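Encoded as structure tokens, the structure appears first; notes follow it.
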Amino acid sequence: MIEDVFRTHLKESKIFSNRDALSPHFVPDTLPNRERQIEELSRTLAPILSGRKPENVFIYGKTGVGKTAVTRYVLRKLEDFAKEHEIPVKGIYINCRIHDSRHRVLMKVADALFPGENFLGLSTTHIYDRILSRVSEKGLRLIVVLDEIDKLKGISETVYALNRANDELERGSISIIGISNNLTFKESLDARTKSTLCQKEMIFPPYNAEELRRILEQRAQIAFKKGAVDPSAIALAAAYAAKQSGDARYALALLLRAGELAEEENAERVTEDHVRKARERVEEDIVLDMIKTLPQQEQIVLLALARLISARKGIRKLGEGETVITSGELFEAYVKTAKELGVSPVSDRWFREYISELDTYGIIRATPAGKGFRGNTRVIRLNIPADKVLKVLEGMDLA
DNA sequence: AATCCACAGGAATGGTTGGCAG
DNA sequence: CTGCCAACCATTCCTGTGGATT
């Protein structure tokens, strides 16, 4: 039994040749549809080669439009070129969601400059001084990339510290590239930080369906065996993703899932049908992911709803096909469920607020009941299979 | 037609929390 | 570290609405 599971993984895939190419972290040799941005960023950074400090750059655009990929790509090319000409250029990529304070950012920079050394427990100023002396001594030209910079606490201090270094340095320089997908983020910065960070600004527009198609085709060539994927399947995945705000990551996830489905079915090739099914799965995954991070009370509401629905399926009401639940019924069930979990339930008013919120998230659908129901109430449906919701929520600790 | 029921959702208000200047 | 303000969660109270009931 278990051996069978392992064995299927030994067997060579008929579909994939290198599925990593569909991973969001994969940086391909060329980035289609981003030639302009690549050129612009390269031009901005190029002065570093002649020893001048390039402008700090602030990049923004929605998720999955290639901000990180372009930055990493340009940085890699720049480092390669600099190396050939023996110019000490170094790029350091930092994800601020993980390294979310000034101290952690500086630690990360120090880690990159002193491989193998441990900076745990050292003060911020100490680390800062070490960085400065190393940069100065080697004449290093650093480019620090702060990805998801909106997640960084103490942005002004961090930006200020890194930027101030340039005044204290005799040799070398430190430049900053900030990346954000929050379009309103820039306005929330104080004036000084804004002018420092946004010396140069770049906006990445979302991809349209045609651009997404080209991206997918390129990746598919690496990821799939020859002829293992229908061109129409790629076009469909691109179209879906374009509708979904032009997110290339979503498009890639879609194609990956489609490939996995085809493999599970032992199909010869990935078809439009696989993409359609994959979309359901991907969307479901997104929703289930979302459920995991919902406020506790909303999770309990969902749990109560899922239980109600699956309980009714067993009884199989005669006549009416779909199981329908009114908000009053659900409120009772919710109160009961909450008490069972040892959580005090909220008032009916807030319960209704939660229902509306879950509705706007698209997890449930609450529509006016109309005829056949007493009074002015809403009927509530779950937009995803109840058993999946149960599986996710019952696996969690809701108390 | 009048009344009742079962809720929807706005407004005022109070307790918590979390970021931030001092 | 402290105190403050804002944002957020939650309750209470309230008015409105639409169909069922009498």
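Filter segment A:342-369 down to residues that are assigned to a helix (DSSP H, G or I), of a type in the set (A, V, I, L, M, F, W, C) and either near DNA strand B (Cβ under 10 Å from one of its atoms) or without any contact (Cβ under 8 Å) to a residue 24 or more places away in the chain (or both), then give me how many there are.
3
Has segment A:93-100 got at least one residue that is of a type in the set (A, V, I, L, M, F, W, C), assigned by TED's automatic domain parsing to the domain that holds A:PHE119 and exposed (fewer than 12 other Cβ atoms within 10 Å of the Cβ)?
The first filter runs over segment A:93-100 and keeps only residues of a type in the set (A, V, I, L, M, F, W, C), leaving A:94, A:96, A:98.
Subset that is assigned by TED's automatic domain parsing to the domain that holds A:PHE119: A:94, A:96, A:98.
Still in the list and also exposed (fewer than 12 other Cβ atoms within 10 Å of the Cβ): A:98.
For segment A:93-100, residues of a type in the set (A, V, I, L, M, F, W, C), assigned by TED's automatic domain parsing to the domain that holds A:PHE119 and exposed (fewer than 12 other Cβ atoms within 10 Å of the Cβ): present.
For segment A:234-272, which positions are more than 21 Å from A:ASN18 (Cα to Cα) and among the charged types (D, E, K, R)? I'd like the intermediate steps shown before the answer.
Just the residues of segment A:234-272 that are more than 21 Å from A:ASN18 (Cα to Cα), to begin with: A:236, A:239-247.
Matches in segment A:234-272: A:LYS243, A:ASP247.
Evaluate the following for A:ALA251: is it farther than 25 Å from A:THR68 by Cα and assigned to a helix (DSSP H, G or I)? Reasoning before the result, please.
Values: farther than 25 Å from A:THR68 by Cα: no; assigned to a helix (DSSP H, G or I): yes.
Considered against the rule, which asks whether it is farther than 25 Å from A:THR68 by Cα and assigned to a helix (DSSP H, G or I), A:ALA251 comes out as no.
How many residues are assigned to a helix (DSSP H, G or I) and in contact with a strand residue (DSSP E or B) (Cβ under 8 Å, 6 or more places away or on another chain) if we restrict to segment A:223-241?
Final tally of qualifying residues: 2.
Each row is one residue, and each column tells you yes or no for (1) on the phi > 0 side of the Ramachandran plot; (2) surrounded by fewer than 18 Cβ atoms within 10 Å (Cβ to Cβ).
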| site | (1), (2) |
| --- | --- |
| A:ALA21 | no, no |
| A:LEU41 | no, no |
| A:ALA46 | no, yes |
| A:ASN56 | no, no |
| A:GLY66 | yes, no |
| A:TYR73 | no, no |
| A:GLU84 | no, yes |
| A:PRO88 | no, yes |
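Got a number for residues in segment A:137-155 being in contact with an Asp or Glu (Cβ under 6 Å, 6 or more places away or on another chain) and either farther than 19 Å from A:ASN181 by Cβ or of a type in the set (Ser, Thr, Tyr) (or both)?
Residues flagged as in contact with an Asp or Glu (Cβ under 6 Å, 6 or more places away or on another chain) and either farther than 19 Å from A:ASN181 by Cβ or of a type in the set (Ser, Thr, Tyr) (or both) within segment A:137-155 amount to 0.
Filter segment A:124-144 down to the residues that are crowded, with 23+ Cβ neighbours inside 10 Å and of a type in the set (Val, Ile, Thr) and list them by number.
Selection gives A:ILE131, A:VAL135, A:ILE143, A:VAL144.
Can you pull out every residue in segment A:58-103 that is of a type in the set (S, T, N, Q) and either under 30 Å from A:GLY121 (Cα atoms) or at pLDDT 90 or above (or both)?
A:THR68, A:THR71, A:ASN95, A:SER101
Run A:ARG349 past the list (1) touching a Phe, Trp or Tyr at 6+ places or on another chain (Cβ under 9 Å); (2) within 11 Å of DNA strand C (Cβ to nearest atom); (3) at pLDDT 90 or above and report the number of the one that doesn't hold.
(1)
Can you pull out every residue in segment A:250-288 that is more than 17 Å from A:SER13 (Cβ to Cβ) and among the basic types (Lys, Arg)?
Result: A:ARG276, A:LYS277, A:ARG279, A:ARG281.
Looking at (1) modelled with pLDDT of 85 or more; (2) within 19 Å of the chain's Cα centre (by Cα), which is the only condition A:ARG52 fails?
Only one criterion in (1) modelled with pLDDT of 85 or more; (2) within 19 Å of the chain's Cα centre (by Cα) is unmet by A:ARG52, namely (2).
Given (1) surrounded by fewer than 22 Cβ atoms within 10 Å (Cβ to Cβ); (2) touching a residue at least 40 places away in the same chain (Cβ under 8 Å), where does A:VAL275 come up short, assuming only one miss?
Among (1) surrounded by fewer than 22 Cβ atoms within 10 Å (Cβ to Cβ); (2) touching a residue at least 40 places away in the same chain (Cβ under 8 Å), A:VAL275 violates only (1).
For the structure I just gave you, tell me whether A:GLU86 is more than 25 Å from the chain's Cα centre (by Cα) and touching a residue at least 12 places away in the same chain (Cβ under 8 Å).
On the way: more than 25 Å from the chain's Cα centre (by Cα): yes; touching a residue at least 12 places away in the same chain (Cβ under 8 Å): no.
Here the answer is no, as A:GLU86 does not meet what is asked.
Mind checking which residues of segment A:308-341 are modelled with pLDDT of 85 or more, more than 21 Å from A:ASN383 (Cβ to Cβ) and among the small types (Gly, Ala, Ser)?
Correct list: A:ALA338 only.
So how many residues does segment A:195-212 have that are surrounded by 15 or more Cβ atoms within 10 Å (Cβ to Cβ) and either within 19 Å of A:ASN18 (Cα to Cα) or among the hydrophobic types (A, V, I, L, M, F, W, C) (or both)?
First pass over segment A:195-212, keeping only residues surrounded by 15 or more Cβ atoms within 10 Å (Cβ to Cβ): A:196-200, A:202, A:204, A:206-207, A:209, A:211-212.
This time we only want the ones that are either within 19 Å of A:ASN18 (Cα to Cα) or among the hydrophobic types (A, V, I, L, M, F, W, C) (or both), so: A:197-198, A:202, A:204, A:209, A:212.
Counting residues in segment A:195-212 that are surrounded by 15 or more Cβ atoms within 10 Å (Cβ to Cβ) and either within 19 Å of A:ASN18 (Cα to Cα) or among the hydrophobic types (A, V, I, L, M, F, W, C) (or both) gives 6.
Among the residues of segment A:99-106, is any touching a residue at least 60 places away in the same chain (Cβ under 8 Å) and in a loop (DSSP other than H, G, I, E, B)?
Scanning segment A:99-106, I find no residue that is touching a residue at least 60 places away in the same chain (Cβ under 8 Å) and in a loop (DSSP other than H, G, I, E, B), so the answer is no.
Looking at segment A:1-11, can you tell me whether even one residue there is within 28 Å of A:ALA253 (Cβ to Cβ) and under 22 Å from the mean Cα position of the chain (by Cα)?
Quick first cut of segment A:1-11, residues within 28 Å of A:ALA253 (Cβ to Cβ) only: A:4-11.
Narrowing further to those that are under 22 Å from the mean Cα position of the chain (by Cα): none.
No, because not a single residue in segment A:1-11 is within 28 Å of A:ALA253 (Cβ to Cβ) and under 22 Å from the mean Cα position of the chain (by Cα).
The values are calculated or read from the model by the stated rules, or taken from the named source; none is laboratory data. Owing to the predicted nature of the structure, the values given are computational and were not obtained by experimental measurement. Note that each Cβ is placed from the backbone with ideal geometry, even for glycine, and that neighbours are counted across all protein chains shown.
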